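Participant: Here it is, the structure in full.
The values are calculated or read from the model by the stated rules, or taken from the named source; none is laboratory data. Everything numeric in this text was worked out from a predicted model, so none of it was measured. Quick reminder, even Gly has a Cβ in these numbers, built from the backbone with ideal geometry, and neighbours come from all protein chains shown. The area values use the complete protein model at the heavy-atom level, side chains included, leaving out ligands, DNA and RNA. Shrake-Rupley method; radii C 1.70, N 1.55, O 1.52, S 1.80 Å.
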Amino acid sequence: MALTLYAATIPSYLQILSSVSRLIDKAESFCSERSLAPDRLIQARLTADMMPFAYQVKSTIVHSLGAIEALRVGCFSPDNTALPATFDALQERLGTTLATLEATDPSEIESYVGKDMRFKDGEMHINFLAEDFLLSFSQPNFYFHAATAYDILRAEGLPLTKRDFNGRVRKKPSSI
């Protein structure tokens, strides 16, 4: 069986978004255990010219569910809405995103293959086929922002491992 666009995107989005949710739980616990203000991590950055942790988490949502929603209308633009300001707000957005992606019909995603898609930011635009938009634009951005969120927390001293990033991998079902 050929690999489908759904299989190449949605299960991985679910895997990594679930990991990001657990990272937020760990960040919240870290703040509580060390009597740190949550904003210390929510606003933490790797460097001064990079966006904060909350932006990185929001961007994983934008480049997963936001990308799927963009396929429905044929156009994707940057999300300039306010950043979630609390761990609870981040978790709420992630929870909604996970539930929506879990309910996504695989046949819907396949119906976009070969369709036109446009990235638009002000006067600048890039034309894609839907599958190329997902696989060469949104998916790399999704992983970049997820890894950056992880890296920010590591840089702030959270004891995380690669397993915290990878989460639950999809394994071959056991025949036993």
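Participant: Any chance you could count how many residues in segment 12-43 are small (Gly, Ala, Ser), in a helix (DSSP H, G or I) and open to solvent by 10 Å² or more (accessible area, probe 1.4 Å)?
Facilitator: 5
Participant: Out of everything in segment 128-165 that is farther than 30 Å from Glu110 by Cβ and charged (D, E, K, R), what residue ends up being most open to solvent (accessible area, probe 1.4 Å)?
Facilitator: Arg163
Participant: Moving to a separate point now. Return the residues of segment 46-71 that are within 20 Å of Leu94 (Cα to Cα), open to solvent by 10 Å² or more (accessible area, probe 1.4 Å) and either in contact with an Asp or Glu (Cβ under 8 Å, 6 or more places away or on another chain) or not aliphatic (A, V, I, L, M) (or both); say none if nothing qualifies.
Facilitator: Hits for segment 46-71 are Tyr55, Val62, His63, Gly66, Glu69.
Participant: Moving to a separate point now. Conditions first: (1) open to solvent by less than 70 Å² (accessible area, probe 1.4 Å); (2) free of Cβ contacts under 8 Å to residues at least 40 places away in the same chain; (3) closer than 19 Å to Tyr55 by Cβ. Phe76 passes all but one, so which condition is the exception?
Facilitator: Result: Phe76 fails condition (2) only.
Participant: Return the residue satisfying two criteria in turn: it lies in segment 92-123 and is of a type in the set (Gly, Ala, Ser) and surrounded by 12 or more Cβ atoms within 10 Å (Cβ to Cβ), and of such residues it is nearest to the chain's Cα centre (by Cα).
Facilitator: Out of the qualifying residues, it is Gly95.
Participant: Can you work out which of the residues in segment 166-176 that are of a type outside the set (D, E, K, R) and open to solvent by 70 Å² or more (accessible area, probe 1.4 Å) is nearest to Glu33 (Cα to Cα)?
Facilitator: Only one residue tops the list, namely Val169.
Participant: With respect to Leu129, determine if the residue is aliphatic (A, V, I, L, M) and in contact with a helix residue (DSSP H, G or I) (Cβ under 7 Å, 6 or more places away or on another chain).
Facilitator: no
Participant: For Ala130, state whether it is within 29 Å of Arg45 (Cβ to Cβ) and among the aliphatic types (A, V, I, L, M). Working first, answer last.
Facilitator: Numbers: within 29 Å of Arg45 (Cβ to Cβ): no; among the aliphatic types (A, V, I, L, M): yes.
No, not satisfied.
Participant: Residues of segment 130-176 being charged (D, E, K, R), in a helix (DSSP H, G or I) and closer than 24 Å to Met50 by Cα, which ones? It would help to see each step written out before you state the result.
Facilitator: Within segment 130-176, the first condition is being charged (D, E, K, R), and the residues that meet it are 131-132, 151, 154, 156, 162-164, 168, 170-172.
Restricting the remaining residues to those that are in a helix (DSSP H, G or I) gives 131-132, 151, 154, 162-164.
If the condition is that a residue be charged (D, E, K, R), in a helix (DSSP H, G or I) and closer than 24 Å to Met50 by Cα, then Asp151, Arg154, Lys162, Asp164 are the ones that fit.
Participant: Residues that are at positive phi and at pLDDT 95 or above: list the helices (runs of 4 or more DSSP H) wholly contained in segment 44-128 that include at least 2 such residues.
Facilitator: Numbers: elements: 53-62, 65-73, 87-102, 106-111.
Of the helices (runs of 4 or more DSSP H) lying wholly inside segment 44-128, none has at least 2 residues that are at positive phi and at pLDDT 95 or above.
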